[in-house]
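Working notes, structure below.
The values are calculated or read from the model by the stated rules, or taken from the named source; none is laboratory data. What you see is a predicted model; the values in this text were computed from it and never measured. In this analysis, Cβ positions are derived from the backbone assuming ideal geometry, glycine residues included, and neighbour counts consider all displayed protein chains. Heavy atoms of the whole protein, side chains included, go into the accessibility calculation; ligands, DNA and RNA do not. Shrake-Rupley method; radii C 1.70, N 1.55, O 1.52, S 1.80 Å.
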Amino acid sequence: WLETGEGPKTGSNIKTIENSSYFSDPNYVKIYESKVIFSAGTGCEPTYEEIHNGSETVYKLEWFQARHINPKHCTRFKVYGESMSPLICDGDYILVDLTDNKEIQPNKVYCIGVEGNMRVKRLIRTIKGGLLIKSDNPQYPTEELSPEEASRLVVIIGRVIDRSGSKAL
C-alpha cells in the first residue's frame, strides 16, 4: 500500500508459527513459564505445582549471550499487583535468572520469598547488612529488615532480567 497505494492500509505484523523450523533454529531458545505466581503487592502464597505449565516463549540466543546469562537457568513468571508499576504492571511477565540469587546487586529487582509469600521487589543492602525491600510505586512503603530478619525471612529466588506486557502502554 505504501509503494503503490493499492491493497489494504493495515495488515497484521504478527506471524503465527506452528511446527516451524524456527523453533529448532540454534539462534533461538525456549524459556518456560512457571506456574508459580509472583505478587507485586503484599504477596501471595505460591502454587507449588510443576515448575512449568507447558507455555513457553522464544528468545534470541544472542540476547542472553550479550548479558552473559545461561538461558537454561531462566524462567518466566506472571506478576499480579501494582506495587512495582510503572516498571512492572499487573499481568506482566518477568524473565528471571534463577542463578543470580547469591549476591544482591544494588537497586536491582528480584523475585523473593518472604515467609511463604512470593514477591517481586527492588532490593538494597544497608550499610549494617540489613535489607531494604522497596516497591517502585510510591504508594507502597519500603520495608527495612535487620540482618537477622533478612537471613531468617527472605529467600532470593532470582534476579529479574526482562519484563514483557502491555499494561504500561
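Observations on the structure shown:
- Between the amide H of D100 and those of R159, distances stay under 5 Å, these residues lying 5 or more places away or on another chain, with hydrogens modeled in the peptide plane.
- Between the amide H of D90 and those of G81, distances stay under 5 Å, these residues lying 5 or more places away or on another chain, with hydrogens modeled in the peptide plane.
- In the structure shown, the pairs K60/K121; K30/K134; K30/K78; K78/K134 are assessed against 23 Å; a Cα-Cα span above that value is assigned to K60/K121; K30/K134.
- Rg to Rh quotient for region 124-169, alpha carbon positions, Kirkwood Rh: 1.07
- The solvent-accessible area of E56, taken with every protein chain present and a 1.4 Å probe, is close to 80 Å².
- Karplus-derived 3J(HN,Hα) values for region 142-149, using 6.51 cos²θ - 1.76 cosθ + 1.60 with θ = phi - 60°, are 6, 9, 10, 10, 5, x, 5, 5 Hz; glycine and proline are entered as x.
- The amide H of T126, built 1.01 Å from its N in the peptide plane, has L131, L132 as neighbours under 5 Å, considering only residues 5 or more places off or on other chains.
- Counting charges near M84 (Lys, Arg +1; Asp, Glu -1) among other residues having Cβ under 10 Å from its Cβ returns a value of +1.
- Efficiency of FRET between L132 and D25 - r from beta-carbon atoms, R0 30 angstrom, step 0.05: 0.10
- Working note: Karplus 6.51/-1.76/1.60 with θ = phi - 60° gives region 99-108 the couplings 8, 8, 9, 9, 9, 6, 7, x, 6, 8 Hz, where Gly and Pro are set to x.
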